[in-house]
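Visitor: Below are the structure tokens for one structure; questions will follow.
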Amino acid sequence: MLAVGLVASAAGLDACVRTTTLHATATTAQSAPISAHVLAIAHRNAVAMAAQARKADARLRAKMAKLVRVRVLSSRDLGQGIALVFEITNRSAKPLTQIGGAMEVRRVGHSARIGLIELHLKITVTPHARVRIERDMWYLRFGEDAETMRAAARAPKRFTITIRQLVYADGTKVGRVL
């Protein structure tokens, strides 16, 4: 269920390849032609960087899965937003105070993403405990995805949560800085 990081890395690869290609095309128009060999090297480097990013994301997802589990148990429409019931399981030996990451929303039975939002939960979860909390997410927080979230207000949804950072009660941080 922790797949958003991989999606973001794939999008990063695409953007990197497009940027490299656009830069090379612009340079070609302004100066001497860039050889196909140079473009091939740029493309190969972009692909290699994206592969490294995907591996790092996979390692981070595996590490976070050992420490915490966050999932959406239920959702209901609020008109201008959505109420979500989260279940948080602290699998570590220290109390958690903050969880950061991303949440991707898709309609059940559809592959297209309808929403992506940064997720920041401030809650104390004791070691090896499970808690349930309800949070309201207003559609405006979904940015460019706000309209697609509104359009799918009453449709069943699937939520994928990727945890990127944990903060423990003693101030220790695990994961990427958000």
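Visitor: If you take the residues in segment 155-168 that are surrounded by fewer than 16 Cβ atoms within 10 Å (Cβ to Cβ) and touching a strand residue (DSSP E or B) at 6+ places or on another chain (Cβ under 6 Å), which one is modelled with the lowest pLDDT?
Guide: This residue is Ala155.
Visitor: Does Leu178 meet the test of being at pLDDT 90 or above, within 28 Å of Arg91 (Cβ to Cβ) and among the hydrophobic types (A, V, I, L, M, F, W, C)?
Guide: no
Visitor: Surrounded by 13 or more Cβ atoms within 10 Å (Cβ to Cβ) and touching a helix residue (DSSP H, G or I) at 6+ places or on another chain (Cβ under 9 Å): which single residue out of Arg176, Arg141 fits that description?
Guide: Only one candidate passes the filter, namely Arg176.
Visitor: Okay, moving on. Scan segment 124-178 for residues that are under 18 Å from Leu73 (Cβ atoms) and among the β-branched types (Val, Ile, Thr) and report the count.
Guide: The total comes to 7.
Visitor: Right, something else. List the number of the failed condition for Arg61; all other conditions in (1) at pLDDT 90 or above; (2) closer than 20 Å to Arg164 by Cβ; (3) part of a helix (DSSP H, G or I) hold.
Guide: It is condition (1) that Arg61 fails.
Visitor: For segment 67-81, what are the residues that are more than 28 Å from Tyr168 (Cα to Cα) and either touching a residue at least 60 places away in the same chain (Cβ under 8 Å) or not charged (D, E, K, R) (or both)?
Guide: Asp77, Leu78, Gly79, Gln80, Gly81
Visitor: Related question: Applying the selection to segment 39-98, what residues are among the small types (Gly, Ala, Ser) and under 14 Å from Met137 (Cβ atoms)?
Guide: Ser74, Ser75, Gly79, Gly81, Ala83
Visitor: Quickly run through segment 82-105 and pick out the residues that are in contact with a Phe, Trp or Tyr (Cβ under 8 Å, 6 or more places away or on another chain) and within 18 Å of Arg158 (Cβ to Cβ).
Guide: Ile82, Leu84, Met103, Glu104, Val105
Visitor: Given the structure, is Ile133 in contact with a helix residue (DSSP H, G or I) (Cβ under 7 Å, 6 or more places away or on another chain), surrounded by 12 or more Cβ atoms within 10 Å (Cβ to Cβ), modelled with pLDDT of 90 or more and not in a helix (DSSP H, G or I)?
Guide: When the stated conditions are applied, Ile133 does not pass them.
The values are calculated or read from the model by the stated rules, or taken from the named source; none is laboratory data. As the structure is a computational prediction, the values presented were derived from the model and not from experiment. Glycine also receives a Cβ, built like all others from the backbone with ideal geometry; neighbour counts cover every protein chain displayed.
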